[in-house]
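Have a look at the structure below before the remarks.
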């Protein structure tokens, strides 16, 4: 599983908007519900932190995925494990992606 495959799966399941908000650091500067949703997706592995650290609204540092221990939330390894489980049928996310990311897409389009 490589980064390109993960990106394609994120697009197929509707996680691209949130991944873009995380990559740009915008997820940490919007209302709290967006940041909480981003954290939920990072914990699950549906999304991953970018290779560049960012600061949140309050100036706190949000680490890059390379700053973290391999396999922990927000890392590339965590994302690989999640998407392998999706492909193997161990995780079913169709309904989750459709319901959860509709609001996120609306938020990112209103910016």
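The values are calculated or read from the model by the stated rules, or taken from the named source; none is laboratory data. These numbers come from a predicted model, not from an experiment. All Cβ positions, glycine included, derive from the backbone under ideal geometry; neighbour counts span all protein chains shown.
For this structure, a couple of remarks:
- Scanning segment 1-26 for residues that are at pLDDT 95 or above, crowded, with 17+ Cβ neighbours inside 10 Å and more than 30 Å from residue 59 (Cα to Cα) yields a single hit, 9.
- Odd one out for residue 91 among (1) at pLDDT below 95; (2) buried (at least 18 other Cβ atoms within 10 Å of the Cβ): (2)
- Close pairs from segment 1-25: first under 14 Å from residue 54 (Cβ atoms), partner part of a helix (DSSP H, G or I), Cβ under 6 Å, at least 6 apart: 19/10; 21/27; 21/108; 22/38
- Search result, residues across segment 27-38 that are surrounded by 14 or more Cβ atoms within 10 Å (Cβ to Cβ) and without any contact (Cβ under 8 Å) to a residue 12 or more places away in the chain: 27
- For segment 65-76, the tally of residues that are within 14 Å of the chain's Cα centre (by Cα) and surrounded by fewer than 16 Cβ atoms within 10 Å (Cβ to Cβ) stands at 1.
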